[in-house]
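A short worksheet on the structure shown next.
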Amino acid sequence: MKSLLDLAVGLVFLGLGLGHLYRPDIISRFNSFLRETVLNDAYLNLERKKWGVFFLLLALFFLYVGWRG
């Protein structure tokens with residue numbers, strides 16, 4: 001499982017590297033989209049409790065799975 005995760009992360013970084021070299025316009029548009037929607041300060045401040053609970057539950061799930069595994 002860990003090796004598949006390492007492979008997936010490596011492929012994502014390979015795609016980002018090639019994107020920066022050959023198609024920087026796509027990377028710039030993706031960065032702008034993330035900045036306007038996901039990383040918007042107003043949105044993060046309004047939804048911080050929901051995101052906090054979500055990440056705590058996600059962390060507990062992965063800790064449980066890792067402890068059992």
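The values are calculated or read from the model by the stated rules, or taken from the named source; none is laboratory data. None of the values given here were measured: they were computed from a predicted structure. Cβ atoms come from the backbone with ideal geometry, glycine included; neighbour counts cover every protein chain shown.
The table below lists the values:
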item	result
Single residue of L58, L39 found to be surrounded by 10 or more Cβ atoms within 10 Å (Cβ to Cβ) and assigned to a helix (DSSP H, G or I)	L58
Condition check for N31: exposed (fewer than 10 other Cβ atoms within 10 Å of the Cβ), within 19 Å of the chain's Cα centre (by Cα), polar (S, T, N, Q) and assigned to a helix (DSSP H, G or I)	no
Verdict on G17 being modelled with pLDDT of 85 or more, surrounded by 10 or more Cβ atoms within 10 Å (Cβ to Cβ) and within 16 Å of the chain's Cα centre (by Cα)	no
